[in-house]
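Data first, discussion second: the structure below is written as structure tokens.
The values are calculated or read from the model by the stated rules, or taken from the named source; none is laboratory data. Note that this is a predicted model, so its numbers are computed, not measured. With ideal geometry, Cβ positions are generated from the backbone for all residues, glycine too; neighbour counts draw on all protein chains shown. Ligands, DNA and RNA are excluded from the accessible area calculation, which covers all protein heavy atoms including side chains. Shrake-Rupley method; radii C 1.70, N 1.55, O 1.52, S 1.80 Å.
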Amino acid sequence: MLPEISPDKPVFRCRKNILSSDAMKPQNLLQPRPAGLYCPPGDFYIDPVRPVERAMITHGHADHARAGHGHVLATRETLDIMELRYGAGFAASRQPIGYGEPLQQDGVTVSFHPAGHVLGSAQIAVEKNGLRIVASGDYKRHPDATCAPFEPVRCDVFITEATFGLPVFVHPDPMSEIRRLTASLTQFPERAHILGAYSLGKAQRVISLLRAAGHDAPILIHGALEKLCHYYQEQGIDLGELEPATVEEGIEDRAAGRVVVAPPSVFGERWTRRFADPLNVFASGWMRIRQRAKQRGVELPLILSDHADWNELTATIRETEANEVWVTHGREEAIVRWCELNGIMARPLNLVGYEDEAE
Ligand SMILES: [Zn+2]
């Protein structure tokens with residue numbers, strides 16, 4: 001027998017409650033908070049910018065992977081990289097997770113998938129009651145021999161970065177950029193080619209590309225890159241012969257006609273002046289903008305990015321088949337507009353604390 005309907009207990013309210021408990025709303029599964037992207041039912045953050053109890057980390061770049069969390073879940077490589085950078089005590093506890101291995105966290109299913117950004121980088125898929133959100137972290141689609149290639153994951157909501165989220169940003173072929181460097185080495189055999197590249201990811205990728213282009217001479221590396229380069233080599237990534245670019249008698253001769261890889265911060269510093277007639281090379285997606293190259297005194301700008309360009313961003317959004325897109329760190333407006341024109345709901349996420357230092 002059906003219960004009697006009284007005016008103070010309307011049935012539709014009951015119905016609404018049932019609906020809202022069954023169907024997950026995206027903002028109830030992941031939401032931006034001052035500390036970062038938070039999952040209320042799982043009680044964890046993704047790439048938090050402040051110390052939190054439970055963190056899931058997409059990759060080892062300093063703006064995503066910070067020290068001081070209670071528990072950290074990440075790929076083994078990302079955990080190793082965090083330890084190399086911050087020391088063994090970077091978190092109270094840690095847990096490695098492999099690509100494609102589902103894990104239950106308080107009724108939320110979590111899985112990590114390759115992002116093609118740097119070694120160990122991952123997109124994090126979060127799923128509950130049939131709703132799946134993918135937080136892609138930083139990613140790219142261009143080939144990169146130093147990390148696993150990006151795998152598109154079908155989802156309802158896709159969270160995308162937008163570092164190069166303007167149609168003007170279309171990255172050139174990486175090998176054609178590297179050949180400009182090998183051509184310069186042939187043209188200027190007496191000059192040390194000081195190659196500025198960020199220490200995690202870009203430095204190893206540029207060395208790997210040089211090897212693929214047939215450059216087999218020893219490459220000199222700045223002390224700040226040693227640990228990470230050696231870690232990549234331990235993981236089976238072939239970087240060829242590397243030598244420390246330490247201060248010593250005869251470094252001028254040793255570096256002539258050679259590539260010396262260093263963090264971009266060395267440009268304009270005394271460190272570069274020990275090399276004979278140094279030629280400044282900078283590998284960055286920002287080298288598309290001439291003014292940036294000029295400001296840093298770069299003679300040979302190489303447009304080489306570990307972030308998706310405009311075409312990769314829009315193609316990836318389509319491949320995920322998401323009907324809603326949240327856009328973060330970068331040029332949110334253009335991607336949001338593109339989504340709207342293509343019938344996909346979109347909004348900027350306005351997360352703070354993520355820089356483009358790795359570019
Ligand atoms: Zn990054």
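If you filter the range 210-225 down to residues that are free of Cβ contacts under 8 Å to residues at least 40 places away in the same chain and either in a helix (DSSP H, G or I) or within 16 Å of the ligand (Cβ to nearest atom) (or both), you find that the one that is least open to solvent (accessible area, probe 1.4 Å) is LEU225. Can THR328 be described as buried (at least 19 other Cβ atoms within 10 Å of the Cβ), among the polar types (S, T, N, Q) and in a strand (DSSP E or B)? Answer is yes for this residue. Set side by side, the residues ALA213, ALA183, ALA203, ALA217 differ, and just one is at pLDDT 95 or above and under 24 Å from the mean Cα position of the chain (by Cα), which is ALA203.
Restricting to the range 226-257, and then to whatever is part of a loop (DSSP other than H, G, I, E, B) and without any contact (Cβ under 8 Å) to a residue 12 or more places away in the chain, can you tell me which residue is surrounded by the most Cβ atoms within 10 Å (Cβ to Cβ)? The selected residue is GLU248.
Within the bounds of the range 24-38, is there any residue that is in contact with a Leu (Cβ under 9 Å, 6 or more places away or on another chain), among the aromatic types (Phe, Trp, Tyr) and at pLDDT 95 or above? So far as the range 24-38 goes, yes, one or more of its residues are in contact with a Leu (Cβ under 9 Å, 6 or more places away or on another chain), among the aromatic types (Phe, Trp, Tyr) and at pLDDT 95 or above.
Per-residue answers, yes or no, for (1) surrounded by fewer than 22 Cβ atoms within 10 Å (Cβ to Cβ); (2) outside any strand (DSSP E or B):
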residue	(1), (2)
TRP286	yes, yes
GLN291	yes, yes
PRO301	no, no
ASP306	no, yes
THR314	yes, yes
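Taking VAL281 as the residue in question, decide whether it is outside any helix (DSSP H, G or I), open to solvent by less than 10 Å² (accessible area, probe 1.4 Å) and either under 30 Å from TYR38 (Cβ atoms) or away from the ligand (no atom under 16 Å from the Cβ) (or both). The answer is yes for VAL281. The single residue among CYS155, CYS147 that is in contact (Cβ under 8 Å) with a residue 40 or more places away in the chain, more than 16 Å from the ligand (Cβ to nearest atom) and surrounded by 20 or more Cβ atoms within 10 Å (Cβ to Cβ) turns out to be CYS155. The residues of the range 60-86 that are in a loop (DSSP other than H, G, I, E, B) and within 16 Å of the ligand (Cβ to nearest atom), listed by number, are GLY60, HIS61, ALA62, ASP63, HIS64, ALA65, ARG66, THR75. Based on this model, can you work out whether ILE57 counts as among the β-branched types (Val, Ile, Thr) and more than 16 Å from the ligand (Cβ to nearest atom)? No: the conditions fail for ILE57. Residue pairs whose Cβ atoms lie under 7 Å apart, sitting 6 or more positions apart in sequence or on different chains, and linking a residue in the range 289-313 that is hydroxyl-bearing (Ser, Thr, Tyr) to a partner that is away from the ligand (no atom under 15 Å from the Cβ), are SER305/HIS171. Among the residues of the range 238-271, those identified as of a type in the set (D, E, K, R) and within 24 Å of ARG179 (Cβ to Cβ) are ASP238, GLU241, GLU243, ARG258. For ALA92, the test of being within 16 Å of the ligand (Cβ to nearest atom), of a type in the set (A, V, I, L, M, F, W, C) and open to solvent by 10 Å² or more (accessible area, probe 1.4 Å) is failed.
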